[in-house]
Amino acid sequence: MARDLPTAKLLRECGYHSDAAQAAGRAALEAAGITREGKERIAEWKRPDAVATLKARVTLLCEACRLAGLGGGHPTAIIAGAGDRCVICEGSATRRGALILIRACQRARFHRVIFVGGNPDVHRELPLLMGNDLDVRIVDGMTSRPGRDVQREIDGCDVVVLLGSTEISHTVSATWAGPKTVATQSRGISAFLLEAAEKIDARAGRAGL
Ligand SMILES: [Zn+2]
């Protein structure tokens, strides 16, 4: 006999945990003729088709992404519940924070962003989070440099984000202070990304962008 598995299990494996998400996923599989109403199990060989169908026909969007206005490209999205895999942030507050900051920078027409401060984890994570959407440079917060070198870098960028709650010396933050600088105080990567986004949004708003 061909191997099969409960449809509910397959749906969970695809990130559909809540009742609403399971119902939406099942409806999509039924509409595509991959399963039919009342059938509890699905043949294992149908898995690739089922996964492709779910991807194409159902969009789960978490409440946080919806509230942040990140789901604009998905007008028919289903609101994801606990444990559901959101199509935008995949359940990661850090990823959501990064997307919100990228959007704020795009709105403000900022492309070259310098982050000052942060520990080695932050230094590793930030460029990955920002992807190719922004030109990101990270500056160590503990190494002082001559003012004219710093000024040259400030001249070449659109915005400087100071990570005030992380490893950053007073001398370094003073050299980078200026009209292009956005100072954040929040602890934790998702929190300072959101704070920077909010401040950049406010600045873009004042500039009428
Ligand atoms: Zn989300």
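The values are calculated or read from the model by the stated rules, or taken from the named source; none is laboratory data. This structure is a prediction, so every number in the text was calculated from the model and none was measured. All Cβ positions, glycine included, derive from the backbone under ideal geometry; neighbour counts span all protein chains shown.
When we screen 12, 109 for residues that are under 24 Å from the mean Cα position of the chain (by Cα) and loosely packed, with under 14 Cβ neighbours inside 10 Å, the only hit is 109. Would you check if residue 195 is touching a strand residue (DSSP E or B) at 6+ places or on another chain (Cβ under 9 Å), over 22 Å from residue 93 (Cα atoms), in the same structural domain as residue 104 (by TED's automatic domain parsing) and among the acidic types (Asp, Glu)? In short, no.
Only a single criterion out of (1) surrounded by 13 or more Cβ atoms within 10 Å (Cβ to Cβ); (2) more than 16 Å from the ligand (Cβ to nearest atom) is not satisfied by residue 66, namely (2). Taking residue 4 as the residue in question, decide whether it is among the charged types (D, E, K, R) and in contact (Cβ under 8 Å) with a residue 60 or more places away in the chain. When the stated conditions are applied, residue 4 does not pass them. Looking across segment 166-209, the residues that are among the acidic types (Asp, Glu) and either under 19 Å from residue 123 (Cβ atoms) or not in a helix (DSSP H, G or I) (or both) come down to 167, 195.
Tell me which residues, restricted to segment 69-85, are touching an Asp or Glu at 6+ places or on another chain (Cβ under 9 Å) and either assigned to a loop (DSSP other than H, G, I, E, B) or more than 8 Å from the ligand (Cβ to nearest atom) (or both). 78, 79, 81 - these are the residues of segment 69-85 that are touching an Asp or Glu at 6+ places or on another chain (Cβ under 9 Å) and either assigned to a loop (DSSP other than H, G, I, E, B) or more than 8 Å from the ligand (Cβ to nearest atom) (or both).
For residue 48, the criteria (1) farther than 30 Å from residue 100 by Cβ; (2) assigned to a loop (DSSP other than H, G, I, E, B) hold in every case but one, which is (2).
Checked across segment 90-100, the condition of being of a type in the set (S, T, N, Q), touching a helix residue (DSSP H, G or I) at 6+ places or on another chain (Cβ under 9 Å), modelled with pLDDT under 95 and not in a helix (DSSP H, G or I) holds for at least one residue. Residues considered: 186, 190. Of these, the only one that is buried (at least 16 other Cβ atoms within 10 Å of the Cβ) and touching an Asp or Glu at 6+ places or on another chain (Cβ under 7 Å) is 186.
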